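First the structure, which I've put down as structure tokens, then a few questions once you've had a look.
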């Protein structure tokens, strides 16, 4: 199937993950472009299942034209003891994104999804949004830069080495799409 490039008219819907979504997410975790950056699928699905009722992590399905295309989660680094990003300003939210459908990777959806979601978080009052791709995940880093994020440091966490990237509401970058 040819790539379906992101269009400026695309509007992504974000809905909570339900138990019924877990087999689909497990399938996405098995895709080579996702598996490269995530841990053991069984462990990951167990964590996502726990997050369904969590107050610190919000697991979401991203839909385009009514079809699920990606997994996104937002989290508050201040709600977990010893979180490696607890030094970020109060109110900061972190996000993680994985586009599940391989034909939608590398054609602009990642930066468009992140840009739209970050705008929503800013509208809800978040002063900063962070994301932490692996340093070797050049495709993700480019997508996040297109969405207005900038690298603010390197971090080590239980998930490994990461480039900590941030965008601030005061920057206006995400709203303008730079």
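The values are calculated or read from the model by the stated rules, or taken from the named source; none is laboratory data. None of the values given here were measured: they were computed from a predicted structure. Please note: Cβ atoms are built from the backbone with ideal geometry, for glycine as well, and neighbour counts cover all protein chains shown.
Any chance you could count how many residues in the range 117-141 are assigned to a helix (DSSP H, G or I) and either within 21 Å of residue 91 (Cα to Cα) or touching a residue at least 12 places away in the same chain (Cβ under 8 Å) (or both)?
Summing the residues that are assigned to a helix (DSSP H, G or I) and either within 21 Å of residue 91 (Cα to Cα) or touching a residue at least 12 places away in the same chain (Cβ under 8 Å) (or both) in the range 117-141 gives 10.
Name the residue, out of 76, 87, that is under 20 Å from residue 166 (Cβ atoms) and touching a residue at least 12 places away in the same chain (Cβ under 8 Å).
Result of the check over 76, 87: 76.
Let me ask something else. Only one of these is at pLDDT 95 or above and farther than 24 Å from residue 109 by Cα: 58, 13, 47, 19. Name it.
Testing whether each residue is at pLDDT 95 or above and farther than 24 Å from residue 109 by Cα leaves just 19.
Still on this structure, I have one more. Tell me, which residue of the range 30-57 that is out of contact with any helix residue (DSSP H, G or I) (no Cβ under 9 Å at 6 or more places or on another chain) and in a helix (DSSP H, G or I) is farthest from residue 135 (Cα to Cα)?
50
With respect to residue 26, is the statement that it is more than 16 Å from the chain's Cα centre (by Cα) and surrounded by 12 or more Cβ atoms within 10 Å (Cβ to Cβ) true?
Yes.
Per-residue answers, yes or no, for (1) in contact with a strand residue (DSSP E or B) (Cβ under 7 Å, 6 or more places away or on another chain); (2) closer than 21 Å to residue 70 by Cα; (3) at pLDDT 95 or above; (4) buried (at least 17 other Cβ atoms within 10 Å of the Cβ):
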site	(1), (2), (3), (4)
80	no, no, no, no
86	no, no, no, no
103	no, yes, no, no
106	no, yes, no, no
114	yes, yes, yes, yes
130	yes, yes, yes, yes
137	no, yes, no, no
150	yes, no, yes, no
158	no, no, no, no
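With respect to the numbered conditions (1) touching a helix residue (DSSP H, G or I) at 6+ places or on another chain (Cβ under 6 Å); (2) under 26 Å from residue 126 (Cα atoms); (3) in contact (Cβ under 8 Å) with a residue 60 or more places away in the chain, which one is the sole condition not fulfilled by residue 11?
(1)
Let me ask something additional. Is it fair to say residue 62 is free of Cβ contacts under 8 Å to residues at least 60 places away in the same chain, buried (at least 18 other Cβ atoms within 10 Å of the Cβ) and in contact with a strand residue (DSSP E or B) (Cβ under 8 Å, 6 or more places away or on another chain)?
Yes.
Out of 151, 170, I need the residue that is part of a helix (DSSP H, G or I) and in contact (Cβ under 8 Å) with a residue 12 or more places away in the chain. Which one?
170
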